[in-house]
Amino acid sequence: MYKTFYIAFVLIASLLFASGSAKANDSGLYAKALDPNSSFIRVLSSSKAAVRIDSKIYPQLEKGVSPYVVVSPSSVEVVIGEKQGTVEAKPGKFYTIILSNSGELTVIDDQIAVNPAKASLSFYNLTDVSALDFYVPQAKANAVSALASGHAKTVQLKAPLTLDFAAMADGTKQATVSKVLLERGSGTSIIAENRDGTFHLRSVRNEIAH
């Protein structure tokens, strides 16, 4: 299935690349050279609690997600509301700390590889669905299949692309997000979550705090 998806995406990307050559100078979120000796940590939370990543403080996460904070590789303290945890950060790595509805902290290695010619796309299953598929209508295939609850997966795609996504559980569509723009050198997160008893799917552009 993934091979089918990859081939379909290559075809779509090639067509859009040929028709969108005027966008060759896309200014991606990671356009500036990143220090390979730094680490990058952010928080993804179901609440609007105050967050501290190392020495960087966010009084409230309005969108439930912080920018990636640049830190020195080490044992980095992260505080979300009254919850506290530690990330063993390694050079050049991106991490997302998730605060679940049950109040548990989970550290996810985002496996982001910054590439000025591609877009990084990360999928997160923050729902109680044990295995979630992320379907792309344009490719007629899953970008990610059977993503476990509380887990994430990152893929790299040719860009620019504008795609729709649907979260599927046992073949049934749970929610959709449309016209997600993927630019060269950029990062985007597709987040499936339960809020107030309702299934939600949204896209968030990845940012790096300066």
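The values are calculated or read from the model by the stated rules, or taken from the named source; none is laboratory data. These figures come from a predicted structure and were not determined experimentally. All Cβ positions, even for glycine, are placed from backbone atoms using ideal geometry, and neighbour counts span all protein chains on display. Side chains included, ligands, DNA and RNA excluded: accessible areas come from the protein's heavy atoms. Shrake-Rupley method; radii C 1.70, N 1.55, O 1.52, S 1.80 Å.
Read through the list (1) part of a loop (DSSP other than H, G, I, E, B); (2) under 23 Å from S120 (Cα atoms); (3) open to solvent by less than 60 Å² (accessible area, probe 1.4 Å), then give the number of the only condition that R42 fails.
Looking at each condition in turn, R42 falls short on (1).
Restricting attention to the range 124-141, and to residues there that are of a type in the set (S, T, N, Q) and surrounded by fewer than 21 Cβ atoms within 10 Å (Cβ to Cβ), which single residue is farthest from T198 (Cα to Cα)?
Q138
Determine which member of the set I108, I57 is touching a strand residue (DSSP E or B) at 6+ places or on another chain (Cβ under 9 Å), in a strand (DSSP E or B), without any contact (Cβ under 8 Å) to a residue 40 or more places away in the chain and among the hydrophobic types (A, V, I, L, M, F, W, C). Outline the logic, then answer.
Details: I108 fails: without any contact (Cβ under 8 Å) to a residue 40 or more places away in the chain.
The unique qualifying residue is I57.
Consider T154 against the criteria (1) surrounded by fewer than 22 Cβ atoms within 10 Å (Cβ to Cβ); (2) free of Cβ contacts under 8 Å to residues at least 24 places away in the same chain; (3) of a type in the set (V, I, T): it satisfies all of them except one. Which criterion is unmet?
(2)
Modelled with pLDDT of 95 or more, more than 16 Å from the chain's Cα centre (by Cα) and open to solvent by 40 Å² or more (accessible area, probe 1.4 Å): which single residue out of A146, A175, A117 fits that description?
A146
In the set Y68, Y30, which member is at pLDDT below 85, open to solvent by less than 60 Å² (accessible area, probe 1.4 Å) and hydroxyl-bearing (S, T, Y)?
On inspection, the qualifying residue turns out to be Y30.
Filtering the range 86-107 down to residues that are at pLDDT 90 or above and open to solvent by less than 20 Å² (accessible area, probe 1.4 Å), which residue is nearest to V204 (Cα to Cα)? Spell out how you get there, then give the answer.
Filtering the range 86-107 for residues at pLDDT 90 or above gives 86-98, 106-107.
Then keep just the ones that are open to solvent by less than 20 Å² (accessible area, probe 1.4 Å); that gives 87, 89, 94-98.
Values: V87: 23, A89: 23, F94: 16, Y95: 16, T96: 13, I97: 15, I98: 15 Å.
Only one residue fits best here, namely T96.
Mind checking which strands (runs of 3 or more DSSP E) fall wholly inside the range 142-210 and carry at least 3 residues that are out of contact with any helix residue (DSSP H, G or I) (no Cβ under 8 Å at 6 or more places or on another chain) and either of a type in the set (K, R) or within 15 Å of V65 (Cα to Cα) (or both)?
Answer list for the range 142-210: 187-195, 198-205.
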